[in-house]
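So the structure is just underneath, and the comments pick up after that.
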Amino acid sequence: MKFGIVTFPGSNGDYDAFHAAADAIGEESVYLWHKDHDLKDCDVIILPGGFSYGDYLRPGAIARFSPIMNEVVAHARRGAPVLAICNGFQVACEAGLLPGALLRNASLRFVSRVVTMRVENASSMFTREYFKGQVLSIPVAHGDGRYTADSDVIARLEGEGRVAFRYCSPAGTISSEDNVNGAVNGIAGILNDAGNVLGMMPHPERAADPILGTTDGLGVFHSLLGGVIA
Amino acid sequence: MSEVLPRPGDPEITPALVREHGLTQSEFERIRNMLGRTPTFTELGIVSALWNEHCSYKHSRNTLRTLPTEGAAVIQGPGENAGVVAIGDGVAIAFKIESHNHPSAIEPYQGAATGVGGILRDVFTMGARPIAMLNSLRFGSLDSARNRYLFAGVVKGIGDYGNSVGVPTVAGEIVFDPAYDGNPLVNAMCVGMLREDELIRAKAEGIGNPILCVGARTGRDGIHGASFASEDLSEASEAKRPRVQVGDPFTEKLLLEASLELIRSGHIVAIQDMGAAGLTSSSAEMAARGDVGVTIDTSRVPVRETGMTPYEILLSESQERMLVVALAGHEQQVREILFKWDLTAEVIGKVIEEPVYRVTEGDRVVAEFPGSALVTECPRYDVPAEEGREAIARRGIDVGATEERAEESDATWTLLQLLAAPTIASKRWAYQQYDSTVRTNTVIGPGGDAAVLRIRGTNRAIALKTDCNGRYVTLDPRVGGRIAVVESARNVACTGARPLAITNCLNFGNPTRPEVFFQFREAVAGIREACIALDTPVTVGNVSFYNESPTGSVHPTPVIGMLGVIDSLEHITRSTFRNVGDAIVLLGDCTDELGGSEYLATIHGAIGGAPPACDLEHERNLITALLEAIRAGVVASAHDCSDGGLAIAVAECIMAERNSMLGADIDLGAWDSLPLRAVLFGEAQGRVIVSSGAADQVLEIAARNGVPARIIGTVTEVGEGLAIRAGGKLLKVGTEQVAAAYHESIPRIMDAAPQSAAIEETEGVTV
């Protein structure tokens with residue numbers, strides 16, 4: 001399976017995503033330049049973390065106009081997988097690939113630490129290697145990660161099992177204390193309605209190497225390997 | 001030589017104008033002799049930018065020359081943008097620490113952010129990919145709303161800039177002491193990685209090669225920033241806020257990627273950051289290093305404001321700009337690489353054979369200096385040094401006679417007070433605002449003894465730490481200088497690293513005061529002695545003088561940035577206890593030394609006595625023994641024993657990682673002949689707490705290396721808490737209670753109390 005990692009100006013998680021895909025799971029990986037229009041036959045597109053366009057205007061607001069986003073959106077419309085991490089999640093929301101938006105953290109401060117999150121949907125192409133209710137240790141590093149959407153959208157996401165991950169305590173319980181950024185319902189990651197786009201604020205690519213302390217993010221990559229789109 | 005005439009509208013050169021430029025009458029005469037005429041206004045500006053303390057090191061250079069700078073691993077010593085050392089496998093590390101104190105004192109957010117930006121550029125202009133940032137910060141007491149504002153602003157500035165550029169901030173230290181009221185210290189360190197053959201130097205070469213200005217446009221910001229950093233802070237400093245530059249981390253990120261691509265492309269011969277004193281210093285320094293002439297045309301520099309004079313263009317400290325010397329005929333390729341990253345490059349001058357530094361505005365020559373005189377003719381001063389009476393008096397205080405407070409009859413009270421003291425308490429509130437995991441190399445991040453980063457593609461890792469205890473340096477600068485080095489060395493050794501080389505940032509007061517210059521000279525001597533003893537050469541450094549506010553000088557604070565190498569990933573060692581039942585071993589000894597301690601400062605509000613003795617031979621043996629034990633696989637954890645003493649260090653070992661806490665049962669009966677508080681809270685040097693499942697072997701290795709060592713207890717379940725038997729008493733406290741004091745202190749202060757930019761009268765500034 002071939003992974004394509006988009007580099008926007010200001011991306012800084014592209015390198016980590018590349019190494020997670022190439023080193024940790026040993027799949028072919030390439031960088032995709034934002035000014036290009038060529039997805040180089042990649043099966044999985046990763047929109048990585050970082051500060052595309054310096055977060056100017058609003059995180060993700062300018063990157064979604066980068067030339068390559070035309071092809072990324074078309075790739076998603078075909079039902080092919082797009083993994084949108086952190087700033088990539090913000091770009092995906094701005095591009096209309098996912099509903100809702102990411103607001104300034106409730107603390108108004110950037111937060112970088114390992115959090116725990118619970119797997120809410122263990123049947124998607126990104127999460128099928130996990131079991132429902134599994135608690136994952138995974139780093140976050142963001143200033144604008146408070147997921148929000150209007151109540152109808154939230155109700156649909158919850159009702160259709162499209163909340164992929166939710167911040168939780170190490171024991172797996174949900175409370176506002178464990179909600180690292182104040183997201184609605186503690187939402188850490190969501191799926192689009194077709195289930196082929198995953199947006200998440202935590203960084204699975206930073207939790208893919210035993211020497212770094214946690215490998216709980218590997219499941220996202222292994223789930224994808226289990227078989228791409230029909 | 002060309003004819004140089006004043007520009008229309010230039011002010012007349014008067015003694016007052018010369019003074020305003022921070023130049024003395026004798027320095028002015030020196031310029032006249034160098035030129036054979038009176039300088040123009042533009043020339044005066046150039047000299048003032050280059051000969052201020054910040055750029056010229058005129059008071060420090062003769063002293064700095066005494067530092068050891070050579071070693072087997074050193075590839076690039078002082079004189080370049082950053083030092084470079086080889087760590088094996090063809091991999092080299094470029095690193096440097098630098099101050100941004102004055103800007104941060106009046107504009108904490110931008111001051112700190114641009115400090116990060118500047119040091120990043122110093123590292124990537126060597127051809128190195130930045131892989132880690134550290135910072136060493138000093139503030140006045142958090143009891144003051146102004147200091148809370150400065151602390152919060154600096155932390156946010158560091159975070160926002162480094163996070164955006166995508167370089168993890170992995171370690172550092174933060175100290176709070178009233179001595180830094182009104183003059184915080186903000187030192188930022190950057191560490192980069194390169195292949196040894198990728199090194200590039202900032203040396204103009206090749207007659208006829210074009211000089212390009214790359215990156216952001218030049219504006220009127222930061223003019224005379226370097227001169228501002230070369231004077232005391234005062235009430236009037238607030239009016240100099242416009243001298244603080246404004247950072248743009250997004251442009252920096254593009255510049256970083258473009259610069260590395262340029263360097264690897266082979267189209268350029270030299271690259272240098274336009275940092276302090278901007279275009280002036282970068283172009284003059286590159287020319288002097290290459291021993292060639294240069295000519296610069298200010299009318300070709302891309303500007304973002306109209307009507308800028310050559311004077312303003314030359315002295316602007318607009319951020320995120322680089323000066324590049326390209327190979328003649330390769331201009332287009334250089335432009336293409338920059339264009340890819342949405343940046344521009346303009347040819348603004350060239351390397352010439354004629355040995356002059358010439359600035360033109362179109363065809364008109366507005367400044368010209370012979371040869372590299374601008375750099376080499378800079379005056380150097382040897383100023384008188386004499387120890388201040390206050391320091392002598394403070395050192396002479398018999399601190400052992402300090403009467404105990406009533407509460408101290410319960411040592412638990414003292415322990416909890418110290419754990420909650422902001423200098424000792426967890427700094428998680430701050431470092432959680434820094435992305436510490438991006439680039440996926442961070443094995444040990446903030447909060448450990450030192451940060452550890454694996455070096456991809458090898459089986460090695462590097463360890464990084466900054467350190468300095470300014471109280472020790474105040475009380476005895478030579479001993480304090482030594483301790484700054486050995487403590488940072490112990491810190492990296494605790495992670496399994498052999499100390500390899502240092503960078504330093506020497507923060508002192510006004511050097512023309514004899515007591516300040518004494519501190520400087522002695523501290524450098526102490527650093528020298530320790531660096532020789534540990535074989536850790538100084539690869540590059542930075543001096544920040546004039547750290548004075550109306551209330552006086554800061555503690556002399558020579559911050560050491562230490563680099564260590566871990567030769568095998570299996571040797572990476574953490575500071576907190578790992579296994580219930582492990583023996584706890586103290587390497588080193590307890591003494592009756594309370595001088596300069598955190599105990600005296602926090603519990604008694606006192607700074608006095610002699611700092612703890614520093615035996616360099618013992619320190620070297622300790623590090624040797626510790627590393628031998630780690631390599632033998634008999635060390636489960638290792639933690640340096642420093643601020644707050646043995647009791648604090650043990651407490652940190654059981655609860656610094658709050659989601660994996662343990663207990664400890666400690667018996668210090670072996671030192672019952674010493675005063676209890678000295679055993680618990682004294683800061684004797686040369687000590688490390690090790691936990692081990694094979695303590696006999698640890699003791700044997702220590703004995704063989706001549707290091708005193710003793711089993712002082714056992715790691716227990718978290719429910720057992722912390723129990724310490726000493727002086728015939730039992731100190732017993734729950735781990736959770738200890739953890740709460742340590743972890744919740746700074747958040748409680750910062751999240752509850754208001755911050756204010758207003759300068760408070762109690763700080764004496766308006767009096």
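Some observations on this one:
- Any chance B:Gly686 is of a type in the set (Gly, Ala, Ser), modelled with pLDDT of 95 or more and in contact with a Gly (Cβ under 7 Å, 6 or more places away or on another chain): yes
- Inter-residue pairs, beta-carbon under 6 Å, first within 18 Å of B:Gly290 (Cβ to Cβ) and in the range B:68-89, second of a type in the set (Gly, Ala, Ser) and assigned to a loop (DSSP other than H, G, I, E, B), 6+ apart: B:Asn81/B:Ala202
- B:Ile158 satisfies every condition listed in (1) more than 25 Å from B:Thr602 (Cβ to Cβ); (2) surrounded by fewer than 24 Cβ atoms within 10 Å (Cβ to Cβ); (3) at pLDDT 95 or above except (2).
- In the range A:31-41, residue farthest from the other protein chains (Cβ to nearest Cβ) [restricted to those that are in contact with a helix residue (DSSP H, G or I) (Cβ under 8 Å, 6 or more places away or on another chain) and more than 15 Å from B:Leu254 (Cα to Cα)]: A:Leu39
- Condition met for B:Leu622 (more than 20 Å from the chain's Cα centre (by Cα), part of a helix (DSSP H, G or I) and within 28 Å of B:Val698 (Cβ to Cβ)): yes
- Subset of the range B:451-471 (residues that are away from chain A (no Cβ under 14 Å) and over 14 Å from B:His571 (Cα atoms)): B:Leu464, B:Lys465, B:Thr466, B:Asp467, B:Cys468, B:Asn469, B:Gly470, B:Arg471
- Scanning the range B:544-559 for residues that are part of a strand (DSSP E or B) and either surrounded by fewer than 24 Cβ atoms within 10 Å (Cβ to Cβ) or in contact with a Pro (Cβ under 6 Å, 6 or more places away or on another chain) (or both) yields B:Glu548, B:Gly552, B:Ser553.
- Residue match in the range B:378-397 (condition: buried (at least 21 other Cβ atoms within 10 Å of the Cβ) and either among the polar types (S, T, N, Q) or outside any strand (DSSP E or B) (or both)): yes
- Any hit, the range B:140-148, residues being of a type in the set (Asp, Glu), surrounded by fewer than 22 Cβ atoms within 10 Å (Cβ to Cβ) and either touching a residue at least 40 places away in the same chain (Cβ under 8 Å) or part of a strand (DSSP E or B) (or both): no
- Meets criteria (within 14 Å of the chain's Cα centre (by Cα) and more than 11 Å from every other protein chain (Cβ to nearest Cβ)) for A:Leu102: yes
- Among all residues of the range B:515-531, there is none that is of a type outside the set (A, V, I, L, M) and not in a helix (DSSP H, G or I).
- Condition met for B:Asp643 (surrounded by fewer than 20 Cβ atoms within 10 Å (Cβ to Cβ), at negative phi and not in a strand (DSSP E or B)): no
- Residues that are buried (at least 23 other Cβ atoms within 10 Å of the Cβ), out of contact with any helix residue (DSSP H, G or I) (no Cβ under 6 Å at 6 or more places or on another chain) and within 14 Å of chain B (Cβ to nearest Cβ) within the range A:66-87 comprise A:Ile85, A:Cys86, listed in sequence order.
- If you go through the range A:126-141 and keep only what is away from chain B (no Cβ under 14 Å) and either surrounded by fewer than 16 Cβ atoms within 10 Å (Cβ to Cβ) or part of a strand (DSSP E or B) (or both), you end up with A:Phe131, A:Lys132, A:Gly133, A:Leu136.
- Single match in B:Val366, B:Val334 (criterion: farther than 27 Å from B:Pro6 by Cβ and of a type in the set (A, V, I, L, M)): B:Val334
- B:Asn441 being polar (S, T, N, Q), within 10 Å of chain A (Cβ to nearest Cβ) and touching a residue at least 60 places away in the same chain (Cβ under 8 Å): yes
- Against the conditions (1) part of a helix (DSSP H, G or I); (2) within 14 Å of chain A (Cβ to nearest Cβ), B:Arg658 satisfies every one except (1).
- Criterion: under 20 Å from B:Leu233 (Cα atoms), more than 14 Å from chain A (Cβ to nearest Cβ) and either surrounded by fewer than 24 Cβ atoms within 10 Å (Cβ to Cβ) or of a type in the set (Val, Ile, Thr) (or both) - qualifying residue of B:Val186, B:Val191: B:Val186
- Those residues of the range B:86-107 which are buried (at least 23 other Cβ atoms within 10 Å of the Cβ) and among the acidic types (Asp, Glu), in sequence order: B:Glu98, B:Glu107
- Test: residue in the range B:688-697 that is surrounded by fewer than 16 Cβ atoms within 10 Å (Cβ to Cβ), farther than 19 Å from B:Leu415 by Cα and among the small types (Gly, Ala, Ser): no
- Count - residues of the range A:42-56 that are in a helix (DSSP H, G or I), facing chain B (nearest Cβ under 8 Å) and among the small types (Gly, Ala, Ser): 1
- Residues in the range A:4-29 that are in contact with a helix residue (DSSP H, G or I) (Cβ under 8 Å, 6 or more places away or on another chain), away from every other protein chain (no Cβ under 11 Å) and surrounded by fewer than 24 Cβ atoms within 10 Å (Cβ to Cβ): A:Ile25, A:Glu27, A:Glu28, A:Ser29.
- Scanning the range B:65-85 for residues that are touching a strand residue (DSSP E or B) at 6+ places or on another chain (Cβ under 7 Å), under 20 Å from B:Val485 (Cα atoms) and either part of a loop (DSSP other than H, G, I, E, B) or at pLDDT below 95 (or both) yields a total of 8.
- Screening A:Leu57 on (1) buried (at least 23 other Cβ atoms within 10 Å of the Cβ); (2) at positive phi shows it passes everything except condition (1).
- Taken as a whole, the condition of being surrounded by 24 or more Cβ atoms within 10 Å (Cβ to Cβ), farther than 25 Å from A:Glu129 by Cα and within 14 Å of chain B (Cβ to nearest Cβ) applies to A:Ala63.
- Filter pass, B:Gly153 being within 15 Å of B:Cys190 (Cβ to Cβ) and either part of a helix (DSSP H, G or I) or within 14 Å of another protein chain (Cβ to nearest Cβ) (or both): no
- Screening B:Trp341 on (1) buried (at least 21 other Cβ atoms within 10 Å of the Cβ); (2) in contact with a Leu (Cβ under 6 Å, 6 or more places away or on another chain) shows it passes everything except condition (1).
The values are calculated or read from the model by the stated rules, or taken from the named source; none is laboratory data. Please read all numbers here as calculations on a predicted model, not as lab measurements. Using ideal geometry, Cβ is built from the backbone for each residue, glycine included, and neighbour counts are taken over all protein chains shown.
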